[in-house]
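Novice: Have a look at this one.
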Amino acid sequence: MKKTAIIYSFNTRKTTKVAERIREGFADDQVVAINAEDITGETFLSYDQLILGVPTWFDGELPNYWDEFMPELEGMDLSGKKIALFGLGDQVGYPENFLDGVGIMADVLEERGATLVGFTPTEGYTFESSLALRGDRFAGLAIDYENQGSMNKERISAWVEELKKVFE
Ligand SMILES: Cc1cc2nc3c(=O)[nH]c(=O)nc-3n(C[C@H](O)[C@H](O)[C@H](O)COP(=O)(O)O)c2cc1C
């Protein structure tokens, strides 16, 4: 497989758990784990394929560590990169902003020329609005620990199998 990294905040508990499970789905050492809290533009650009962990915070916003990286991301040429997003959100607590962080991140990545992969159907989720929607799909994997934690394992493994088909 081409050079692939999974980037998420190592200071999180839930996002980290999901990231570890995703990484376990690939063969040993195929996917390098990188802490989003220390990410630099140079490191980001050194990977051909990226999996980014993006929980939504602050009523529809990115967490601080991604927000701080945004200005750098907005200046990058991401053409030729394949990027998959996994998002964490709470559809009951924040039904009007469910998974918005994924949508905010997806917009910037696409604008910079990245190819987004790993879109998923919205069946099985109930919410009012989400910036993560692209047509009738989410622009990534949607994980809701608060309300549907028992479905995580199945959702993650199905998503990893899809990524294996599109990652080179
Ligand atoms: C203060 C706060 C604001 C949140 N805002 C949103 C939101 O706007 N939309 C959403 O889908 N989830 C929201 N959530 C839910 C989180 O995304 C969810 O708890 C997620 O699992 C957090 O992952 P992390 O702890 O690994 O960062 C919020 C949670 C908190 C505590």
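The values are calculated or read from the model by the stated rules, or taken from the named source; none is laboratory data. Fair warning: this is a prediction, and the values are worked out from it, not measured in the lab. Cβ sites come from the backbone with ideal geometry, for glycine too, and all protein chains shown count toward neighbours. These area figures cover heavy atoms from the full protein model, side chains too; ligands, DNA and RNA do not enter into them. Shrake-Rupley method; radii C 1.70, N 1.55, O 1.52, S 1.80 Å.
Novice: Against the definition (among the aromatic types (Phe, Trp, Tyr), within 10 Å of the ligand (Cβ to nearest atom) and either under 21 Å from Trp57 (Cα atoms) or open to solvent by 80 Å² or more (accessible area, probe 1.4 Å) (or both)), how does Tyr125 come out, yes or no?
Specialist: When the stated conditions are applied, Tyr125 does not pass them.
Novice: Any idea which of Phe44, Phe10 is assigned to a helix (DSSP H, G or I) and of a type outside the set (S, T, N, Q)? It would help to see each step written out before you state the result.
Specialist: Working: Phe10 fails: assigned to a helix (DSSP H, G or I).
Just a single option satisfies the conditions, and that option is Phe44.
Novice: Moving to a separate point now. Can Val32 be described as under 16 Å from the mean Cα position of the chain (by Cα) and surrounded by fewer than 17 Cβ atoms within 10 Å (Cβ to Cβ)?
Specialist: Considered against the rule, which asks whether it is under 16 Å from the mean Cα position of the chain (by Cα) and surrounded by fewer than 17 Cβ atoms within 10 Å (Cβ to Cβ), Val32 comes out as yes.
Novice: For region 64-94, give me each residue that is near the ligand (Cβ under 6 Å from one of its atoms) and surrounded by 19 or more Cβ atoms within 10 Å (Cβ to Cβ).
Specialist: Residues satisfying the conditions are Leu88, Gly89, Tyr94.
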